[in-house]
Structure formats: C-alpha cells, structure tokens
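The values are calculated or read from the model by the stated rules, or taken from the named source; none is laboratory data. No experiment lies behind these values; they were computed from the predicted model shown. Neighbour counts run over all protein chains shown; Cβ positions are idealised from the backbone, glycine included. For the accessible areas, the whole protein counts, side chains as well, though only heavy atoms, and no ligand, DNA or RNA atoms are used. Shrake-Rupley method; radii C 1.70, N 1.55, O 1.52, S 1.80 Å.
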Amino acid sequence: MQEKLDSDQIYKTLKKRIIKLEYDPGEVLNEIDIADEFNVSRTPIRKVFQLLMQDKLLNIIPRVGAQVSAIDFMEMKSIFEITRELDPFAASLTVERIDKESIEELEEIIDRLKEYDISIHYQEAINDDERFHEIIFESCGNPWLKDILKSLHYHTERLWHYCEKYFDKINLFSETLENVLDAIKENDKEKAEKYTREHIDAFVDKIKKELL
C-alpha cells in the first residue's frame, strides 16, 4: 500500500504534474480517482483542488469537475508584463544580499547548462533555469516578492514545457543567465536588472515568432 501523504504533499505532487504537463491542459481530474491513488478521503482532495484553483492551475466547473487550466496566451502576456518588472527588481536586490554559497550554486547551474544538448537535456535545462530563478528569489531578502514570483513562475515554467519543440539552442538559457550571474558577481544592480529583463524578452520573442 502506498504511504499516505498529507494534503500539502498531494498539493505539491499535483502541482508538479500540471506544470510538467503530465496532465494535459483541459483535462478533467476525477476527485475519486485521485483520492484512491493517494489513499485518502475526498475531503483533502477538495482542499488541494481549491489551492490549485487559487494558483490558477485548475478551474472548478459545476457538473464537470476540476479541469486543468488551459495555456492561455493572453494570460501569459499579462504574466510576462509582471515578471518583466519584478524579476529584474528581485535580481537588483539580490546583488547586495546574496551569499557566497548561493553564488557558487548559480555558477554550477551555468556550468551544467553549457554542457547540455538541448535535444536531449531540455527537461534538465528547464529545471536548472527554474532553480536559478529560485535562488534569486530566495536571495532577494523580500519574502513577499519571493512568494509572488514563485506563483507566477509556475505558469512560465509550464509554458517552457509546452513549447519544448520550438527550442533548438541552449544559449537562450546559458548565455542570458550567465550575463545575470556576471552582473551579480560584479555587484552591478543596473546590469542585473537589464540582463534579467533580456532573459525574459528572449523567451517571449521566441514564443511570438513560433506561435503567434
């Protein structure tokens, strides 16, 4: 029998599945099936569905159930309008607040990205991209900003997965993030903001070119 998970663990598991497109956009999640899978009653599953709805990853539709949110490009446009301002702000705060261990982890991420073959290591590149951003958020010293950006990045990471087939070069990850890291190491807040914004813009421009 599977070890019984608490509602927070189930929430994290389902959120990860939605972000990684293990559940298709528009797919309806059956409350009973998921309760059976995790060996729990339907009550904690309802709670988890409510949390995922607050994250805008699920829609609760009367007489239908819990439907995985579609990837809506107009909504993504709104998200990128916010991250384009807040991500650079977080990077500028990080310049003065990041510790040595975190810089070393960022350097390790860049080293890995440079070695990846994107046709083979796309998932690893996404994971490292998100970890890079997480370190910035954790190092910015502002817990409110960190929580806002983590919530927004659930959706940007989901879009990365959705657009996998359109990315054939690793430099969109490696070069743009290395510029951000160099700016942080140089203690240059303006460059950290500039290169963080360029990293976002490069992704958005690629999506526009391929999909819009």
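Observations
- Verdict on Ala192 being open to solvent by less than 70 Å² (accessible area, probe 1.4 Å) and modelled with pLDDT of 95 or more: yes
- The single condition among (1) touching a strand residue (DSSP E or B) at 6+ places or on another chain (Cβ under 6 Å); (2) modelled with pLDDT of 95 or more that Ile60 does not meet is (2).
- Residue count for the stretch 80-98, restricted to those that are open to solvent by 20 Å² or more (accessible area, probe 1.4 Å) and either touching a Gly at 6+ places or on another chain (Cβ under 7 Å) or not aromatic (Phe, Trp, Tyr) (or both): 9
- Test: residue in the stretch 104-122 that is without any contact (Cβ under 8 Å) to a residue 40 or more places away in the chain, surrounded by fewer than 14 Cβ atoms within 10 Å (Cβ to Cβ) and either at positive phi or basic (Lys, Arg) (or both): no
- Criterion: closer than 17 Å to Tyr154 by Cβ and either surrounded by fewer than 16 Cβ atoms within 10 Å (Cβ to Cβ) or in contact with a helix residue (DSSP H, G or I) (Cβ under 8 Å, 6 or more places away or on another chain) (or both) - qualifying residue of Ile34, Ile19: Ile19
- Among residues that are open to solvent by 60 Å² or more (accessible area, probe 1.4 Å) and assigned to a helix (DSSP H, G or I), Glu101 is included.
- Residues that are within 13 Å of Ile118 (Cα to Cα), part of a helix (DSSP H, G or I) and among the acidic types (Asp, Glu), drawn from the stretch 156-193: Glu164
- Residue identified as open to solvent by 70 Å² or more (accessible area, probe 1.4 Å), closer than 24 Å to Asp147 by Cα and out of contact with any Asp or Glu (no Cβ under 6 Å at 6 or more places or on another chain) among Asp55, Asp6: Asp6
- Listed by first and then second residue, the pairs linking a residue in the stretch 124-149 that is among the basic types (Lys, Arg) to a residue that is crowded, with 17+ Cβ neighbours inside 10 Å and in a helix (DSSP H, G or I), with Cβ atoms under 6 Å apart and 6 or more places separating them unless they lie on different chains, are Lys146/Phe137.
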